[in-house]
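The values are calculated or read from the model by the stated rules, or taken from the named source; none is laboratory data. Note that the structure is a prediction, hence the values are computed from the model and not measured. Please note: Cβ atoms are built from the backbone with ideal geometry, for glycine as well, and neighbour counts cover all protein chains shown.
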Amino acid sequence: MVDSKKTQFEIGGKTVEVETGKYANTANGSITIRCGDTMLFIHATVSKEPRVGIDFFPLLIDYEERMSAIGRIPGGFNRSEGRASEKAILTDRLIDRPIRPLFPKGYRNDIQIVAQLFSYDQENQPDTLAMLGSSFALMLSGAPFEGPIGAVRVSKVDGQLIANPTHQQADKSDLDIVVSGTADSVIMVEAGCKFVTEDDIMEAVEFAQIEIKKQCEVQVAFAKECGAVTGTFVDPYDTTELASIIKETAYDLVKDAYHNFDRQYRQDKLAEAKTLVKEKVEALSDDHAIKKMLKESGINFVSEEFKSLEKKVMRAMIVDEGTRADGRKSDEVRPIWCEIGVIPRAHGSAVFTRGQTQALSVVTLAGPGMKQDLDGVDPEKEKRYMHKYIFPGFSVGEVKPMRGPGRREVGHGCLAERANIAALPSQEEFGYTIRVTSDILESNGSTSMASTCGSSMALMNAGVPVKCMIGGVAMGLIKEGDKAVVLTDIQGIEDFLGDMDFKVTGSENAITAIQMDMKAKGISNELLRNALAQAKEGRLHILAEMKKAISAPSEVMSPHAPRIFTMQIANEDIGSVIGPGGKQIRAIVDASGAEIDIQDSGIVTITSNDQEGADIAINMIKNITFKPQEGMVVKGKVVRIIPIGAFVEIAQGKDGMVHISQICNERIDTIEPHLNVGDEVVVKVMRIDDKGRVNLTIKGVSEQEKAKFLVCC
C-alpha cells in the first residue's frame, strides 16, 4: 500500500499541491509539487559520509526540463534533450542561492537536488515552484538544513501586486521580481524591471515576505506530519588550537598587509605570513593533534583558518575603523575610465574600467532573421537581443583552458542582458537583431556590472537609439553583531569575505535589474532599503563617469553595419515572393546577397551590407509583386512580336500587348522597322480586360510622362 502524505495551500490565490511517499522513495526526500497543470518531481539525496579532502560544501542542483512537458519532441538530430537550456541553468542558480547559506559550516556531505519538470501549462511558472519544492524535499531528507525557505515571484498588474503571476500577467508588468528567504529574513532577490523605483522594489519584497512566511509554516507542519527529523551536525574537527597558532604567528603581518592599500604590498605580506604559518605547522611533531587531523581529513584547514583570520581583520577594519582594504570609504566608488569605438570593424564597442575590473563590450547588428531561436518549454520562442559574457583565466592571472560558458558565466551574462533590455527600442523602432559580447579583460569585483556599463556604452556607440544610458553597481555588507556597514562597489576580497553581493542596475531615475545573494542567513528590510538608497548614489556617480565618454546614441551608424530597408506587400503576394519550396526568395538572396525576412502582415525587411544589394532585392520584389493599373506609365522590354502587335514585359513574368495601331502616330503596316525584340520602350497601360490581359500604348505616352515614368525593372 502507498503511504502518501499531501498538503495544499495557496500562493496568490492559486492552489499548490505537495505530495510525498508515492514516488521515488529511495531518495532521502522526494515530493511532487503542482500548480494548475504545471507539475514537478523534486528529489533530495544526501550522502551518508562526508566527501574526503574537500574544503567546500558539495551542493549540486540539477533542474531538468522535459519537452514532453509541453507535448513536444525535442529538435536536433538525436531528438533528445541535450545541454541544459539557458533558462534551466538560471533556475539551477535560483534554487542554489537561497539554500546554500542554510547549511552549517564544515558540513561536507554531498547533497544533490534534482528538480524535473514533467508537465507545464505555460501559465504557472515552474522556477519558483522548483525553489519551493526543493525546500520541501530537504525538510524531509534528514539533512541538517537550517530552513525552510519560501520563494515567490511578484509582478504588478493594474496597480496591484500579484504573487506568482502567470507568464501573461508578468509580460504586462513593469516589475518581475523573485524573492526567497526564511520566515523572518530575505536571502535572495532576482529582478528584471522596466524602470521602477526603490520604493517599488521594497513594496514587492515586503509583499513577498508575507507569502514566504506562509510557505515556511506549511513546510514545518508538513515535515512534522511526515515524521521527518532535521539532522544535526557536529563538526568532527576542532580547529581551535590551529586557529590560535595562526593568529599568534600571522596576526601582525595580516593586519599590516590590510592596512597598506597597495595591492602588491598586501599580496607579498600575506604570502610571507602564509610561509611562516606553514613552517610553524610543519615543525609540529607527527603525533601532534593538528598534524593527525590534517592527515586524517585531507582538508587544508591551515588555508581555511588563515582565510578566517584575514576575514576577521578586514571586517574589523571596516566596522571599527571605517576603512576598507583599499582605503576607500564605505560609499566610495573606485576610479573609472571609459572609451568607445575601440574595435575598428565592430558595429559598436566600448571599454569600461573601474579599479582593477575591465570589460570590453562589442555590439554586432544583424537583420531580424538572425534572432535566436529558443528550443525550450517557455512560451518565449525567440530573442532579438543577446548578451554573451566571457570570463577567461588571464583576467585573474590564472592559467585556465578556454571552454564554453559555465553556470556563473550564463548567470552574469543574463544579468547584464536583463539590465539593458528595458532601454532598448522596440522592433518597430529599430528592426535589427542585436548581439553584445562582453570580454572580461581584468577582474577584481563585479564584472557583471562592468559588462552592464560597457554594453550600454557600446550600444550607444553603435547608434542603437536606446531610451537612456544604463549603469550598474555591486553593493556589499559587513555585519558584526549589531553593527552593519553597507559597501558601495565591492572588490573581490569584499565579496569573498563579506556577507552580501547585491547588484543594482538602472538609469539615473529608475531600476532595471537586481540580483542579491546573501552569504549570511538573511538581511533585514531596513538594511535592504539602506543598500538600495546607497546603490542609487553609486549608480549616479558611475553614470556621470560613463557620460564623459559618450552621452547620447551616435547619429551615424558604423559604415560596416548592415542597413535595413522595409517595404509593404499585399498578403496575397507573400507566397509569390517566397515561391514554391522557398525557390523564389532563395533566388533573391543569391542575386542580392541581402537577408530577407517576411512577416505575416506583409512587411518585408531587407538587410544588406551595401546599397547595391538592397536595390537588387527591392527591385526583384517589386517586379514579383507588380500589379499594372490603367494609366500607369512603365518601362518595359519587347519580348515577342506578332503581325498585329508586340508583347512588352513590364515586370518579371508580366507582359502586355501593344497593338500595331498603338505603336506610332501614323498608320504602319509592319512592326519590325519600328520595334525589335529586346528593345526597351516606355508604355502606358490603356486597359485591363476582365481576363486580366493588359493592353498597352506607346504613342499615347506624352513627352512629360516619358521623362517621369515609373521604373519597375
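Which members of segment 667-692 meet the condition of being in a loop (DSSP other than H, G, I, E, B) and in contact with a Lys or Arg (Cβ under 9 Å, 6 or more places away or on another chain)?
Within segment 667-692, VAL677, GLY678, ASP679 meet the criteria.
In segment 666-703, how many residues are free of Cβ contacts under 8 Å to residues at least 40 places away in the same chain, out of contact with any His (no Cβ under 9 Å at 6 or more places or on another chain) and more than 17 Å from VAL633 (Cβ to Cβ)?
The number of residues fulfilling the criteria is 16.
Taking the condition of being assigned to a loop (DSSP other than H, G, I, E, B) and surrounded by fewer than 17 Cβ atoms within 10 Å (Cβ to Cβ), how many residues in segment 405-429 meet it?
7
Anything in segment 380-390 that is modelled with pLDDT under 90 and assigned to a loop (DSSP other than H, G, I, E, B)? List them, or say none.
Within segment 380-390, GLU380, LYS381 meet the criteria.
Does any residue of segment 196-206 turn out to be touching an Asp or Glu at 6+ places or on another chain (Cβ under 9 Å) and surrounded by 22 or more Cβ atoms within 10 Å (Cβ to Cβ)?
Yes, segment 196-206 contains a residue that is touching an Asp or Glu at 6+ places or on another chain (Cβ under 9 Å) and surrounded by 22 or more Cβ atoms within 10 Å (Cβ to Cβ).
Among ILE42, ILE73, which is more than 25 Å from the chain's Cα centre (by Cα) and in contact (Cβ under 8 Å) with a residue 24 or more places away in the chain?
Going through ILE42, ILE73 in turn, the sole match is ILE42.
Conditions (1) within 24 Å of the chain's Cα centre (by Cα); (2) not hydrophobic (A, V, I, L, M, F, W, C), marked per residue:
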{"site": "LYS479", "(1), (2)": "no, yes"}
{"site": "VAL486", "(1), (2)": "no, no"}
{"site": "LEU497", "(1), (2)": "no, no"}
{"site": "SER507", "(1), (2)": "yes, yes"}
{"site": "ILE511", "(1), (2)": "yes, no"}
{"site": "MET518", "(1), (2)": "yes, no"}
{"site": "SER524", "(1), (2)": "no, yes"}
{"site": "GLY538", "(1), (2)": "yes, yes"}
{"site": "ILE542", "(1), (2)": "yes, no"}
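Okay, residues lined up against (1) without any contact (Cβ under 8 Å) to a residue 12 or more places away in the chain; (2) under 19 Å from GLY192 (Cβ atoms):
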| residue | (1), (2) |
| --- | --- |
| ASP375 | no, no |
| LYS381 | yes, yes |
| LYS388 | no, yes |
| PRO401 | yes, no |
| GLN427 | no, yes |
| ILE434 | no, yes |
| LEU459 | no, yes |
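In segment 137-172, what count of residues is obtained for those that are within 26 Å of the chain's Cα centre (by Cα) and closer than 17 Å to MET188 by Cα?
Of the residues in that region, 9 qualify.
If a residue must be assigned to a loop (DSSP other than H, G, I, E, B) and charged (D, E, K, R), how many such residues does segment 71-90 contain?
Of the residues in that region, 4 qualify.
Exactly one condition in (1) within 28 Å of PRO344 (Cα to Cα); (2) part of a loop (DSSP other than H, G, I, E, B) is false for ILE564; which is it?
(2)
Would you confirm, using the coordinates I've provided, whether GLU81 is surrounded by fewer than 18 Cβ atoms within 10 Å (Cβ to Cβ), at pLDDT 90 or above and closer than 24 Å to ASN124 by Cα?
no
Residues checked against (1) surrounded by 24 or more Cβ atoms within 10 Å (Cβ to Cβ); (2) in contact with a strand residue (DSSP E or B) (Cβ under 9 Å, 6 or more places away or on another chain):
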site: ASP96; (1), (2): no, yes
site: LYS105; (1), (2): no, no
site: GLN116; (1), (2): no, yes
site: SER135; (1), (2): yes, yes
site: ARG153; (1), (2): yes, yes
site: VAL157; (1), (2): no, no
site: ASN164; (1), (2): yes, yes
site: GLN168; (1), (2): no, no
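For segment 118-136, give me each residue that is under 20 Å from the mean Cα position of the chain (by Cα) and either modelled with pLDDT of 95 or more or in a helix (DSSP H, G or I) (or both).
PRO126, ASP127, THR128, ALA130, MET131
How many residues are polar (S, T, N, Q) and part of a strand (DSSP E or B) if we restrict to segment 507-545?
The total comes to 2.
Quick check: is even one residue across segment 622-632 of a type in the set (A, V, I, L, M), at pLDDT 85 or above and farther than 30 Å from THR605 by Cα?
no
Out of curiosity, is ILE585 touching a helix residue (DSSP H, G or I) at 6+ places or on another chain (Cβ under 6 Å) and under 20 Å from LYS467 (Cβ atoms)?
In short, no.
Would you confirm, using the coordinates I've provided, whether LYS548 is among the charged types (D, E, K, R), part of a loop (DSSP other than H, G, I, E, B) and closer than 30 Å to SER455 by Cα?
Criteria met by LYS548.
List the number of the failed condition for VAL234; all other conditions in (1) outside any helix (DSSP H, G or I); (2) surrounded by 15 or more Cβ atoms within 10 Å (Cβ to Cβ); (3) hydrophobic (A, V, I, L, M, F, W, C) hold.
Every listed condition holds for VAL234 apart from (2).
Residue check: is VAL377 in a loop (DSSP other than H, G, I, E, B) and within 30 Å of LEU117 (Cβ to Cβ)?
yes
Output the residues belonging to segment 390-404 that are surrounded by 19 or more Cβ atoms within 10 Å (Cβ to Cβ) and either under 26 Å from PRO74 (Cβ atoms) or more than 17 Å from the chain's Cα centre (by Cα) (or both).
If the condition is that a residue be surrounded by 19 or more Cβ atoms within 10 Å (Cβ to Cβ) and either under 26 Å from PRO74 (Cβ atoms) or more than 17 Å from the chain's Cα centre (by Cα) (or both), then SER395 is the only one that fits.
Taking segment 586-610, which residues are surrounded by fewer than 21 Cβ atoms within 10 Å (Cβ to Cβ), outside any strand (DSSP E or B) and among the β-branched types (Val, Ile, Thr)?
VAL589
Working only within segment 332-354, note down all residues that are within 18 Å of ARG539 (Cβ to Cβ) and either among the β-branched types (Val, Ile, Thr) or in contact with a Gly (Cβ under 7 Å, 6 or more places away or on another chain) (or both).
Answer for segment 332-354, where residues must be within 18 Å of ARG539 (Cβ to Cβ) and either among the β-branched types (Val, Ile, Thr) or in contact with a Gly (Cβ under 7 Å, 6 or more places away or on another chain) (or both): VAL333, ARG334, PRO335, ILE336, ALA350, PHE352, THR353.
Check off (1) closer than 30 Å to ARG83 by Cα; (2) under 15 Å from the mean Cα position of the chain (by Cα) for ALA423 and give me the number that stays unchecked.
(1) is the only condition that ALA423 fails.
Checking GLU248 against (1) crowded, with 17+ Cβ neighbours inside 10 Å; (2) modelled with pLDDT of 90 or more; (3) assigned to a helix (DSSP H, G or I), only one condition comes out false. Which one?
(1)
Of all residues in segment 37-65, count the ones that are surrounded by fewer than 16 Cβ atoms within 10 Å (Cβ to Cβ) and part of a loop (DSSP other than H, G, I, E, B).
The qualifying residues number 8.
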